[in-house]
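Structure first, commentary second.
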Amino acid sequence: MIARIIQFVKRFLLPHLVWLITSIITGIVAASASGLGVPFMVTYVFPVVFHQTGQAEPELLKLVPQLKELPHMTLLLLACASMPLIFIIRGLAMWLNSVVVNVLGIRILEGLRTTVFHHVQQLPLSFLEGRRKGDLVSRIVADTQNVQTVLSHISNDLVKQPITCVCALFAFIYLLITVGRWEIFLVILFVGLAAWPIITFGKRISTKALRAQEGLGELNTVVQQNLETQREVRAYALEERQIDDFDQASEGYCRNTIKLVKYQRAVIPIMESVTALALSFLLVCGSLCGMGLSEFMGLAAALFFTFDSMKRAGMAYNRLNEAQGAMTRLAEILDEPNDIDDPENPVKLPQRVKGDITFRNVTFAYGNAKPALREINIHIPAGQIVGLVGPSGAGKTTFASLIPRFYEATEGAVLVDGVDVRDVTRHDLREQLAIVGQQALLFKGSIRENIALGHQGATREQIDAAADSAHVSAFLSSQPQGMDTQLGEGGAGLSGGQRQRVAIARAFVKDAPILILDEATASLDAESEKEIQQELDHLAQGRTTLIVAHRFSTIRNAHRILVFDHGRIVGDGPHEELYETCPLYRELYDRQGAAEA
Ligand code: ADP
């Protein structure tokens, strides 16, 4: 835990050093006003107020003889004013401390949340694909929120209580020395007794909190999956099963949270009982050794502040342990290395590459799985339209994904215009590519904004021209506000074909030299497919185009076709040639011809 906290401090606390120092200073002032001010007040100032003639001279007047020169009334007023003065200083310092620490907490959390989100944007796709989305959302939103809640709850106590404890303990020992009753030192044993539940429960709280946060991640996953698959859930009458899954996840979360609460809430009663024991021990010792009331009160105040601040620091420590569960889950994301880093001295690509692509002896495997691509050697000259065909799982999409460097070749190299894709920045490389996938993924916003995403800084005219080329305009008349029609999440409000047209318009506006069409019409009905195919043919003109094809009709304009089988390219050539020479190609082609006949 210590290492994790140090790492956290270095990363998120040091950038706010000024706020940190202010919080420590105000914490020290507030803490010493409580821990030292009040016990010394009770021991030294009260006897001055309640001093009767004939009694022994109060300690304070012996320590500061000049006070004796003051008129009695002035001395009394001064003594009485010192109490509110200490509390005003304490109150001001506490307020300032509380504001500063809260600002610090909010800033740290902002840093933490944005760092995690930024990091997720850089992480390899393979990492994100292996994770459940609901759990990731839970980490980015709920875990950071959890750390924030904990920090805002404990922020006031984090600096102040440990210092109050030390000050009060110091005051207690100092007063004890002046009283000279060493047996009372045994009270210190109670401090050890009080530390026991804090330390023991701290560990348990940390484990239970981690389980509870994991439970929340599980719950989020179930909800997210359920909302994303509502059509399937209803079509297959899976409601009951989904409710069961939810109930189970919810029950697990509740169970872990209850366990957490059990340990959290045990600390206060134990600490309060120990405080009462310590005070009664002090009372017994005090009465046995004939201690004066003001001495007893001073010691009791110091003891009370010691235990009270220990209790509060203990509670803060336990909540910190609770946040540790969330911090561990966040650290799992932050510690995940980005294995597709940009090179230190990247090669600058020209504004617009020609679009020449080479795979030089490329082998690629997802994690530890067997290779999805094996020893691929292929050259695609600029401007060529290439169809990729083969059975499902043969490696077509993987092949296309290596060009934008979504994944890194395990062996060999992928070159664009003769430059290894690892030698340029991912941003520069991806500027040269447009991709239209099977599902057009649209964002919340207007149709115009969705098209403009293809090219930042595109003019209105460019966007309109792209919309025309993709025949978006053909369905705009049915939309209430034309190009400014607002789309829901994922493009809700448009049909599959309409969404695909917006995605194609996005590729038109990007006007990239390399185009990847990954089964871009696979999810459309035959009618929409035919229409959209024309726009895609238009889009492919003059660009190096890779078409991952499930239907042969989509590659009728291809100059060349690559046939994939078990991660290898087993055929390469134009349709007629392949039909004659490549049995797999002929089989696939004939099978589809028979299916469509
Ligand atoms: P195709 O596009 O020809 O259908 P893919 O390139 O999608 O084939 O897949 C090739 C192989 O890689 C398959 O065995 C598939 O199971 C595997 N694969 C694809 N994507 C992933 C992934 N994200 N993680 C792990 N394995 C994957």
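Filtering E272, E344 for residues that are in contact (Cβ under 8 Å) with a residue 12 or more places away in the chain, under 43 Å from the mean Cα position of the chain (by Cα) and open to solvent by 20 Å² or more (accessible area, probe 1.4 Å) leaves a single hit, E272.
Residue count for segment 287-321 under the criterion of being under 21 Å from V49 (Cβ atoms) and of a type in the set (A, V, I, L, M): the result is 7.
For segment 353-392, residues that are open to solvent by 50 Å² or more (accessible area, probe 1.4 Å) and under 39 Å from the mean Cα position of the chain (by Cα) total 10.
Here L433 clears all of (1) away from the ligand (no atom under 16 Å from the Cβ); (2) surrounded by fewer than 21 Cβ atoms within 10 Å (Cβ to Cβ); (3) within 20 Å of T521 (Cα to Cα); (4) more than 27 Å from the chain's Cα centre (by Cα) except the condition numbered (2).
Across segment 411-424, the number of residues qualifying as open to solvent by 30 Å² or more (accessible area, probe 1.4 Å) and within 29 Å of the chain's Cα centre (by Cα) comes to 1.
Filter segment 32-66 down to residues that are in a helix (DSSP H, G or I) and free of Cβ contacts under 8 Å to residues at least 12 places away in the same chain and give me whichever is surrounded by the fewest Cβ atoms within 10 Å (Cβ to Cβ). Break it down into steps so the answer makes sense when it comes.
Residues of segment 32-66 that are in a helix (DSSP H, G or I), as a first pass: 32-49, 59-63, 65-66.
Now restrict to residues that are free of Cβ contacts under 8 Å to residues at least 12 places away in the same chain: 62, 65-66.
On the way: K62: 11, P65: 9, Q66: 7.
That would be Q66.
Which residue, of D518, D511, is within 16 Å of the ligand (Cβ to nearest atom) and either at pLDDT 85 or above or of a type in the set (A, V, I, L, M, F, W, C) (or both)? Explain how you work it out, then say what you get.
Values: D511 fails: within 16 Å of the ligand (Cβ to nearest atom).
That would be D518, the only listed residue that is within 16 Å of the ligand (Cβ to nearest atom) and either at pLDDT 85 or above or of a type in the set (A, V, I, L, M, F, W, C) (or both).
Assess whether D428 counts as being surrounded by fewer than 22 Cβ atoms within 10 Å (Cβ to Cβ), more than 16 Å from the ligand (Cβ to nearest atom), under 33 Å from the mean Cα position of the chain (by Cα) and not aromatic (F, W, Y). Full working, then the answer.
On the way: surrounded by fewer than 22 Cβ atoms within 10 Å (Cβ to Cβ): yes; more than 16 Å from the ligand (Cβ to nearest atom): yes; under 33 Å from the mean Cα position of the chain (by Cα): yes; not aromatic (F, W, Y): yes.
So D428 fits the description; yes.
Quickly run through segment 280-310 and pick out the residues that are surrounded by 17 or more Cβ atoms within 10 Å (Cβ to Cβ), among the aliphatic types (A, V, I, L, M) and more than 40 Å from the chain's Cα centre (by Cα). Passing the criteria: L282, M291, M297, L299, A300, A301, A302, L303.
Of all the residues in segment 75-98, those that are surrounded by 14 or more Cβ atoms within 10 Å (Cβ to Cβ) and either not in a helix (DSSP H, G or I) or not hydrophobic (A, V, I, L, M, F, W, C) (or both) number 4. Hey, could you check segment 138-152 for residues that are touching a helix residue (DSSP H, G or I) at 6+ places or on another chain (Cβ under 6 Å) and open to solvent by 20 Å² or more (accessible area, probe 1.4 Å) and say which is nearest to R426 (Cα to Cα)? Among those residues, the one meeting the criterion is I140.
Restricting the first member to segment 376-404 and to residues that are within 10 Å of the ligand (Cβ to nearest atom), and the second to residues that are open to solvent by 40 Å² or more (accessible area, probe 1.4 Å), the beta-carbon pairs closer than 6 Å and six or more apart or on different chains are G390/D565; A394/D565. For segment 328-369, filtered to residues that are of a type in the set (D, E, K, R) and closer than 20 Å to H118 by Cβ, the residue that is nearest to the ligand (Cβ to nearest atom) is D339.
If I filter segment 522-548 down to residues being open to solvent by 10 Å² or more (accessible area, probe 1.4 Å) and either farther than 19 Å from R506 by Cα or of a type in the set (G, A, S) (or both), which single residue comes out as nearest to the ligand (Cβ to nearest atom)? Only one residue fits best here, namely A522.
The values are calculated or read from the model by the stated rules, or taken from the named source; none is laboratory data. Just so you know, these numbers come straight off a predicted model, no measurement behind them. With ideal geometry, Cβ positions are generated from the backbone for all residues, glycine too; neighbour counts draw on all protein chains shown. Accessible surface areas use protein heavy atoms only, side chains included; no ligands, DNA or RNA. Shrake-Rupley method; radii C 1.70, N 1.55, O 1.52, S 1.80 Å.
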